[in-house]
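The values are calculated or read from the model by the stated rules, or taken from the named source; none is laboratory data. Here the structure is a predicted model, which is why all the values come from computation and not from measurement. Because the Cβ atoms are built from the backbone with ideal geometry, glycine has one as well, and the counts that use them run over all protein chains shown. For the accessible areas, the whole protein counts, side chains as well, though only heavy atoms, and no ligand, DNA or RNA atoms are used. Shrake-Rupley method; radii C 1.70, N 1.55, O 1.52, S 1.80 Å.
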Amino acid sequence: MRPGFTGSGLDRADHLRLDEARLAELASGLEARLLRLAGLDPELDEDGRLGWSGMAEIEEPIFLGFREGAPLFAPLVRVEPGQRAWSVFALLDRMAAEDAALWGTARSLIEWHNRHRFCGACGASTLLFRGGWGRRCGGCGLEHFPRVDPVVIMLAEHEGRVLLGRQPQYPAGRYSALAGFVEPGESIEEAVARELYEEAGIAASDVRYVASQPWPFPGQLMIACTATAAGDGIRLDTKELEDAIWVGRDGVRAALAGEPGAPFLGPPRFAIAHTLLRHWAS
Ligand SMILES: [Zn+2]
């Protein structure tokens, strides 16, 4: 099963990003398409697919790449802090996988531009370059590139059961895999072991990579792993988690199937926790 937000089918055409004349030509051509957005959220057409319009007069189009021969662009929407809505989660469940992946790419880039309008080195304004895949400082000339922040997400396994946690803001009944940002100076394996120990007091080893997915809120790379727990005694960090439970394969299968008697409400299909649980329970 393919993780959510992957499979956009996009030819990113990196070799064109510095060719401003060619990008301008592509943007003014009849084939060019501009992603329709409401704030950062996608505007779907009547078939539930991503909405596109002809190119409008926008100042800073972001060149996403080509799909089926057509050059695709996204507008650089300005988003003020606190303006983000989360209603998009209801849309994502019914969006085509390739559309969610393409929109996620645009959303991550737009968020990054919004958060990097000023240079972190000298404080001067930065300007978009490389077709939207970078910003250059107008003061010191430093080049800034879109960030991707690695996050580990993992299932610790102990005698046929896996550890799931619940954060206070989750919907009622929802449990999911534990997760946390990889810190400077850490490998994926070390981050998995540290997070399991910090959040649940679980000593784990034998970390195995399963799959990855980009997560566009705002720009993480989720790295899904399994690990072997030395024991099943939980010592909860209540600042991170409200509860943690061990669940066997039958319980995980029931949750993924949405059965009413399941021991927990599973993570949504587009989250890699879903993919990870499905991989483990299969
Ligand atoms: Zn600077």
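For the reader, a short list of remarks on this structure follows.
- Segment 207-227 - residue that is among the small types (Gly, Ala, Ser) and open to solvent by less than 10 Å² (accessible area, probe 1.4 Å) and, of those, farthest from GLU111 (Cα to Cα): ALA227
- If only residues of segment 11-30 that are among the hydrophobic types (A, V, I, L, M, F, W, C) and more than 16 Å from ARG67 (Cα to Cα) are counted, the one that is least open to solvent (accessible area, probe 1.4 Å) is ALA24.
- Meets criteria (away from the ligand (no atom under 16 Å from the Cβ), open to solvent by 10 Å² or more (accessible area, probe 1.4 Å), of a type outside the set (Ser, Thr, Tyr) and over 23 Å from ARG269 (Cβ atoms)) for ALA96: no
- Scanning segment 108-146 for residues that are over 23 Å from the mean Cα position of the chain (by Cα), of a type in the set (A, V, I, L, M) and either at pLDDT below 95 or more than 9 Å from the ligand (Cβ to nearest atom) (or both) gives a single hit, LEU127.
- Counted residues, segment 174-193 - those being open to solvent by 20 Å² or more (accessible area, probe 1.4 Å) and on the phi < 0 side of the Ramachandran plot: 13
- Of all the residues in segment 249-270, those that are loosely packed, with under 14 Cβ neighbours inside 10 Å and either under 14 Å from LEU163 (Cβ atoms) or not acidic (Asp, Glu) (or both) number 4.
- Of all residues making up segment 84-93, the number that are among the charged types (D, E, K, R) and surrounded by 14 or more Cβ atoms within 10 Å (Cβ to Cβ): 1
- Members of segment 47-66 that are over 21 Å from TRP112 (Cβ atoms) and open to solvent by less than 50 Å² (accessible area, probe 1.4 Å): GLY48, GLY51, SER53, GLY54, PHE66
- LEU241 passes every criterion in (1) touching a residue at least 24 places away in the same chain (Cβ under 8 Å); (2) in a loop (DSSP other than H, G, I, E, B); (3) open to solvent by 20 Å² or more (accessible area, probe 1.4 Å) apart from (3).
- Looking across ALA204, ALA230, ALA273, one residue alone is more than 19 Å from GLY4 (Cα to Cα) and buried (at least 18 other Cβ atoms within 10 Å of the Cβ). It is ALA204.
- The single residue among PRO81, PRO150, PRO171 that is more than 26 Å from ALA244 (Cβ to Cβ), surrounded by fewer than 17 Cβ atoms within 10 Å (Cβ to Cβ) and more than 16 Å from the ligand (Cβ to nearest atom) turns out to be PRO81.
- Taking the listed residues LEU102, LEU72, the one that is at pLDDT 95 or above, part of a strand (DSSP E or B), crowded, with 20+ Cβ neighbours inside 10 Å and more than 15 Å from the ligand (Cβ to nearest atom) is LEU72, with no other qualifying.
- Residue check for ARG107: assigned to a helix (DSSP H, G or I), surrounded by 14 or more Cβ atoms within 10 Å (Cβ to Cβ), among the basic types (Lys, Arg) and in contact with a strand residue (DSSP E or B) (Cβ under 8 Å, 6 or more places away or on another chain): no
- Qualifying residue in segment 194-201 (condition: of a type in the set (A, V, I, L, M), within 19 Å of the chain's Cα centre (by Cα), buried (at least 17 other Cβ atoms within 10 Å of the Cβ) and away from the ligand (no atom under 16 Å from the Cβ)): no
- Which listed residue, of SER8, SER108, is touching a residue at least 40 places away in the same chain (Cβ under 8 Å), in contact with a Lys or Arg (Cβ under 8 Å, 6 or more places away or on another chain) and of a type in the set (Ser, Thr, Tyr): SER8
- Pairs, first farther than 14 Å from VAL151 by Cα in segment 167-195, second open to solvent by 50 Å² or more (accessible area, probe 1.4 Å), C-beta under 6 Å, six or more apart: PRO168/GLU242; GLY173/LEU265; ARG174/LEU265
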